[in-house]
Amino acid sequence: MIPTPWLRRLPFAVFSLLALAPAPRALAQRERLPFEDVEVVEKRWPNLKRTGTSLRYMVLKEGDTKGPSPVPGNIVKALYKGMLLNGKVFDEVNDPKAPLTMRLGRNLLIPGWEEALQKMHRGDRWLLVVPFELGYGSRGRPPDIPPRATLVFEVELLDFTAG
């Protein structure tokens with residue numbers, strides 16, 4: 001037990017800093033996919049890499065690996081196909097003349113995309129498996145995406161520019 005006089009001498013700022021300390025890394029790395037989805041994903045794509053947020057990805061085509069990756073504020077241009085875990089396509093942009101164009105870091109994209117795009121290089125094409133917490137959450141996006149849906153995307157980063 002901490003003696004009360006010692007505790008009183010600590011400045012309030014110390015307590016404020018302790019409250020803002022990040023959670024232990026182990027908590028951030030918990031599995032976010034439902035157990036039944038983990039089985040499907042590991043069977044279908046056994047070589048997926050996993051980030052600390054449980055985003056899973058696989059490089060399908062390497063682009064300019066020596067070049068930079070986009071950062072928040074950059075405007076990205078991408079092609080993609082979005083699917084449910086059962087393979088049903090719910091959205092797609094596949095015309096290089098009219099790609100998805102969006103600014104990173106403005107909460108305009110789902111968190112799984114924000115994370116993945118910042119790891120990709122110009123010309124990369126990745127397969128992403130996105131837990132619902134990094135996708136459309138517990139509500140989904142009716143009628144196309146049900147609540148708590150694990151999503152699969154094929155994403156190709158065509159280009160990015162400073163915003």
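Tell me whether the range 141-155 contains one or more residues that are of a type in the set (S, T, N, Q) and within 22 Å of THR53 (Cα to Cα). Yes, the conditions are met somewhere in the range 141-155.
Condition first: crowded, with 17+ Cβ neighbours inside 10 Å and either in a strand (DSSP E or B) or out of contact with any Lys or Arg (no Cβ under 6 Å at 6 or more places or on another chain) (or both). Now tell me which residues in the range 54-68 satisfy that. If the condition is that a residue be crowded, with 17+ Cβ neighbours inside 10 Å and either in a strand (DSSP E or B) or out of contact with any Lys or Arg (no Cβ under 6 Å at 6 or more places or on another chain) (or both), then LEU55, ARG56, TYR57 are the ones that fit.
For GLY67, the stated conditions hold: it is more than 23 Å from PRO34 (Cα to Cα) and not β-branched (Val, Ile, Thr). Residues of the range 91-134 that are of a type in the set (Phe, Trp, Tyr) and either over 19 Å from ASP144 (Cβ atoms) or surrounded by fewer than 16 Cβ atoms within 10 Å (Cβ to Cβ) (or both): TRP126 alone. Each residue in the range 54-76 was checked for being under 25 Å from ALA149 (Cα atoms) and over 16 Å from the mean Cα position of the chain (by Cα), and 1 of them qualify.
Under the condition of being in a loop (DSSP other than H, G, I, E, B) and over 15 Å from LEU109 (Cβ atoms), the residues counted in the range 70-90 number 4. Residues that are under 23 Å from ASN47 (Cα atoms) and of a type in the set (A, V, I, L, M): does the range 91-110 have at least one? Looking for residues that are under 23 Å from ASN47 (Cα atoms) and of a type in the set (A, V, I, L, M), one finds none in the range 91-110, hence no. State all residues of the range 40-53 that are part of a loop (DSSP other than H, G, I, E, B) and out of contact with any helix residue (DSSP H, G or I) (no Cβ under 8 Å at 6 or more places or on another chain); if no residue qualifies, say none. Within the range 40-53, TRP45, PRO46, ASN47 qualify. Those residues that are surrounded by fewer than 16 Cβ atoms within 10 Å (Cβ to Cβ) and closer than 20 Å to LEU108 by Cβ, I need them from the range 143-156; list them, please. If the condition is that a residue be surrounded by fewer than 16 Cβ atoms within 10 Å (Cβ to Cβ) and closer than 20 Å to LEU108 by Cβ, then ASP144 is the only one that fits. Quick one: would you say GLY163 is assigned to a loop (DSSP other than H, G, I, E, B) and on the phi > 0 side of the Ramachandran plot? In short, no. In this entry, LYS81 is excluded by the filter for residues that are modelled with pLDDT of 95 or more, in contact with a strand residue (DSSP E or B) (Cβ under 7 Å, 6 or more places away or on another chain) and farther than 25 Å from PRO142 by Cα.
The values are calculated or read from the model by the stated rules, or taken from the named source; none is laboratory data. Computed from a predicted structure; not experimentally measured. Note that each Cβ is placed from the backbone with ideal geometry, even for glycine, and that neighbours are counted across all protein chains shown.
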